[in-house]
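A short worksheet on the structure shown next.
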Amino acid sequence: MATIVATITETLRYRGKIGQWSWVLHRASGLGVVIFLILHVVDTSWAAFYPELYAKAIAAYQSPLFTVGEFGLVAAVVYHAINGVRIVILDWRPKLWHLQQRAALAVFGIVGLILVPTFALMFDHVLHFYDRDPEVMPVNEVLQEQLQFALGFIVIVVVAVGLSLLVALLSGESLSTRKQRLRRASSVDVWFWKFMRISGILILPLVFGHLAMVHIIQGVFDMTVAGAPIVGTDMVNESGKAVEFVGKRWDYLVAGVAVWRLYDGALLGLVVLHGFYGLYLIANDYIHNKVINRAANWMIVFGAGALIILGSAALLAGVEETAYAMLIETIAAR
């Protein structure tokens with residue numbers, strides 16, 4: 001932690017040019033997206049396994065606190081994506097690196113051109129939501145709902161560090177901070193370097209399509225409107241329950257294929273692997289203590305695997321009949 005704080009301090013002190021700040025923003029935006037990704041995959045899996053918890057999660061997402069966070073999330077995704085394209089192009093054509101400053105400025109310009117109309121459309125959803133005079137979850141309840149994630153993360157950190165320390169003690173390993181040594185890139189390093197570039201390009205249409213559908217065309221506020229159309233389908237959300245929105249969207253077939261399950265599955269796999277490998281790079285850049293570094297790497301590897309397994313299980317299971325029965329009772333009670 002001290003190393004991370006020192007690194008941030010030195011970054012703020014160092015008066016680098018726009019290239020440095022592009023690098024800092026790229027990492028910061030990527031880290032923010034990964035944090036939300038963890039919450040989003042866990043919450044969405046509840047639509048399949050715990051419909052009541054999913055309803056609470058959507059209510060939290062519709063609160064003012066998360067509304068502000070949604071705007072920040074979209075900004076982070078757009079900047080990370082566009083700046084990622086800049087990185088890929090310059091890596092593909094090294095002779096263009098002398099133009100990197102202009103390219104960085106162009107990225108900021110493109111991001112601004114995208115975000116201005118995007119934020120306008122998103123804000124329109126917010127206004128329509130509050131025009132309906134909804135019941136909004138209080139901030140204290142929102143924070144209480146998120147406390148379970150924070151506590152879970154703390155438990156995981158304590159267990160990982162404890163196990164890493166146990167390994168060090170049993171093996172007689174020195175607990176001192178490891179020295180950073182320059183080494184030649186292995187074939188695995190090269191493969192992952194290529195993967196980050198290729199996956200970044202493959203993610204672009206998927207993530208922008210997702211943002212367009214669930215943040216611009218429809219927003220999180222539209223998931224609880226009875227009779228509202230379900231984006232990407234020809235169906236409507238009869239009950240006005242978020243779980244019906246997810247269930248019908250996943251069950252929508254085109255030529256007998258559940259296209260949105262495949263879409264979300266591809267997005268899940270690519271984003272988790274891309275995001276968590278980026279997290280791995282950050283951890284190994286800033287965490288030099290042997291015990292904590294190993295614990296961080298364990299959490300990253302097992303965290304990525306757990307998210308893919310959990311998300312895939314939810315996609316395969318879909319929304320259970322019991323959840324739909326609950327929705328039918330809701331409709332009948334109207």
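The values are calculated or read from the model by the stated rules, or taken from the named source; none is laboratory data. Just so it is clear, the model here is predicted, and its values are computed rather than measured. Here the Cβ is made from the backbone with ideal geometry for all residues, glycine too, and neighbour counts use every protein chain on show.
Filter the stretch 65-124 down to the residues that are without any contact (Cβ under 8 Å) to a residue 40 or more places away in the chain and of a type in the set (G, A, S) and list them by number. Across the stretch 65-124, the qualifying residues are G69, A103, A106, G109, G112, A120. Taken over the stretch 231-281, the criterion of being over 18 Å from the mean Cα position of the chain (by Cα), assigned to a helix (DSSP H, G or I) and of a type in the set (D, E) is satisfied by E244, D251. Candidates are the residues of the stretch 27-61 that are touching a residue at least 60 places away in the same chain (Cβ under 8 Å) and among the polar types (S, T, N, Q); the one that is surrounded by the most Cβ atoms within 10 Å (Cβ to Cβ) is S45.
Would you tally the residues in the stretch 4-23 being closer than 18 Å to Y280 by Cβ and either surrounded by 15 or more Cβ atoms within 10 Å (Cβ to Cβ) or at pLDDT 90 or above (or both)?
Narrowing the stretch 4-23 to residues closer than 18 Å to Y280 by Cβ: 4, 7, 23.
Going one step further and asking which of them are either surrounded by 15 or more Cβ atoms within 10 Å (Cβ to Cβ) or at pLDDT 90 or above (or both), we end up with 23.
Looking only at that region, the number is 1.
For the residues A75, A28, the requirement of being farther than 20 Å from L267 by Cα, hydrophobic (A, V, I, L, M, F, W, C) and modelled with pLDDT of 90 or more singles out A28.
Taking the options F276, F221, name whichever one is within 26 Å of L127 (Cβ to Cβ), surrounded by 18 or more Cβ atoms within 10 Å (Cβ to Cβ) and of a type in the set (F, W, Y). Before you say what the answer is, go through the steps one by one.
Numbers: F276 fails: within 26 Å of L127 (Cβ to Cβ).
Going through F276, F221 in turn, the sole match is F221.
Within the stretch 85-95, not a single residue is surrounded by fewer than 17 Cβ atoms within 10 Å (Cβ to Cβ) and farther than 25 Å from K194 by Cα.
Run down F129, F123 and say which single residue is surrounded by 14 or more Cβ atoms within 10 Å (Cβ to Cβ) and modelled with pLDDT of 90 or more.
Numbers: F123 fails: surrounded by 14 or more Cβ atoms within 10 Å (Cβ to Cβ).
Answer to the check: F129.
Suppose we keep only residues that are of a type in the set (G, A, S) and modelled with pLDDT under 90 within the stretch 132-166. Which one would you say is nearest to V220 (Cα to Cα)? Here the residue is A150.
Scanning the stretch 98-115 for residues that are part of a loop (DSSP other than H, G, I, E, B) and loosely packed, with under 13 Cβ neighbours inside 10 Å turns up nothing. Summed over the stretch 185-199, the residues that are assigned to a loop (DSSP other than H, G, I, E, B) and at pLDDT 65 or above give a count of 1.
Among the residues of the stretch 228-253 satisfying the criterion of being among the aromatic types (F, W, Y) and buried (at least 20 other Cβ atoms within 10 Å of the Cβ), which is farthest from I216 (Cα to Cα)? Within the stretch 228-253, the match that is farthest from I216 (Cα to Cα) is W250. Restricting the first member to the stretch 204-225 and to residues that are part of a helix (DSSP H, G or I), and the second to residues that are surrounded by fewer than 16 Cβ atoms within 10 Å (Cβ to Cβ), the beta-carbon pairs closer than 6 Å and six or more apart or on different chains are I216/L121.
Taking Q146 as the residue in question, decide whether it is in contact (Cβ under 8 Å) with a residue 40 or more places away in the chain, over 23 Å from the mean Cα position of the chain (by Cα) and either exposed (fewer than 14 other Cβ atoms within 10 Å of the Cβ) or within 29 Å of H26 (Cα to Cα) (or both). Answer is no for this residue.
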